[in-house]
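Remarks on the structure that follows.
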Amino acid sequence: MALYAVFGQPVLHSKSPQMFRPLLDTSDHYTRIRPVSAEDMIHFIQDLNIKGASITAPFKEDILPLVDYVSEEASAIGAVNCIRNEGGIVLGHNTDHKGVTNALEEAGVKLQGANVLVLGAGGAAKAAVFGLTRARANVYISNRTHEKAKALAGRYGADLIPWERTAKTPWFDAVVSTLLPEAIPPFAGYMAFGCLLDAVYKPSRMSEHARSRRIKTIPGERWLIWQGIEAARLYINNKKTTKEKPISPETLEQHMAEKPCPENLCIFVLNEKSKSDFGEGDYDLVVSAFGKSDKWIAAIIDEEKHLAFGG
């Protein structure tokens, strides 16, 4: 039996368990874990012997200095989005860049020589710029905080588009948006582009803008699936994830539609009293609550449910 997980804050909304379960051996389990910090996450991985995990916000950059080994890609991007545990030695990797480039290529974008605009300058944007630069695209960056965009552009030799620009931009073969759902650049109306890859799963202003102009929109699920295929090869070690037998995106996609039922959630609160009772069940959510009050625990669970299901 092997235990795998996705770590985040929040994390109940994550589709990683649905996506990866078809790739697991029948005795293995995949759960969602909400740690209180990156350090807490490392303790989870080692104490519970978690064989591999995906890392989501806000821990991708925080965990980087805490792992025992950092891959070349993760070091260059400055973030870790998946880890592998080899006998207590934690190895950090980043496959987000593959999620971007493969999703765009799947949509018919020939990246070499293409003009691609990346919106944002956080962890996801860094991975996008890394992958696009490696694919020899002409990369442009725009972010509300100009200094962050400038630093990222300088690191990769990309061009800057000022956030407050009020003139036409160059033609972009693709736009990669890592913005929050409610954000949109002021120059969106001046922008001409061929397609949009939106990192978020929820409806966003950027996606609505693209669809209103009948511009092809690639949903964030394609990014998730393609980075997931690469991540599975790194941390799920079985016959289903070998390079000799390619993982089908369609296999992962059909399982992503499934999600936990809010009325029938299996939640495990992990603390000093319950640690010895942690079993091998299929938990929908594990909450790290060492030293936390019942009131704090209830508030966290309510927050997770609200963000995952609304209401």
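Amide H to amide H distances under 5 Å link Trp163 with Asn143, where only residues 5 or more positions off or on other chains count and H is placed in the peptide plane.
How would you rank Lys275, Lys295, Lys98, going from fewest to most other Cβ atoms within 10 Å of each one's own Cβ? Listed from fewest to most nearby Cβ atoms, that is Lys295, Lys275, Lys98. Computed from point charges on the beta carbon alone (+1 for Lys and Arg, -1 for Asp and Glu), the dipole magnitude for the chain about its Cα centre is near 1120 Debye. When the Cα positions of Ala308, Leu48, Ile229 are compared along the charge dipole of the chain, Ile229 comes out farthest toward the positive end, with charges on each C-beta of Lys, Arg, Asp and Glu. Rounded to the nearest 5, what % of the DSSP beta bridges within the chain are antiparallel ones? Antiparallel bridges: around 20 percent, rounded to the nearest 5. Plugging the Kirkwood radius over Cα pairs into Stokes-Einstein for the range 98-218, at a temperature of 10 °C and a viscosity of 1.306 mPa s, what D comes out in µm²/s? The Stokes-Einstein estimate is 114 µm²/s. Computed over the range 98-218, relative contact order equals 23 percent, with contacts defined as Cα pairs under 8 Å that lie 6+ residues apart. When the helices of the chain are scored as -39500 (n - 2.57) per DSSP H run of n ≥ 4 and the total is divided over every residue, the value at 222 nm lands at -10000 deg cm²/dmol. For the range 126-138, the Karplus equation 6.51 cos²θ - 1.76 cosθ + 1.60, evaluated at θ = phi - 60°, returns couplings of 4, 5, 4, 5, 4, x, 5, 5, 4, 7, 6, 7, 8 Hz by residue, with Gly and Pro reported as x. The convex hull drawn around the Cα atoms of the chain, when projected onto a plane and averaged over every direction, covers 16.5 nm². Three principal axis extents of the range 19-116 based on alpha-carbon atoms, in descending order, are 47, 34, 23 Å.
With respect to the cross-link table entries Lys15/Lys126; Lys60/Lys292; Lys60/Lys202; Lys150/Lys305, which display a Cα-Cα separation exceeding 26 Å? Among Lys15/Lys126; Lys60/Lys292; Lys60/Lys202; Lys150/Lys305, the Cα-Cα distance tops 26 Å for Lys150/Lys305. Along the charge dipole of the chain, which of Ile77, Phe7, Thr26 sits closest to the positive end, that is, farthest toward it, with unit charges on the beta carbon of Lys, Arg, Asp and Glu (+1, +1, -1, -1)? The listed residue farthest towards the positive side: Ile77.
Read-outs throughout are calculated quantities, based only on the coordinates presented, and are distinct from any laboratory measurement. On a predicted model such as this, the values are computed, not experimentally measured, just so you know. Quick reminder, even Gly has a Cβ in these numbers, built from the backbone with ideal geometry, and neighbours come from all protein chains shown.
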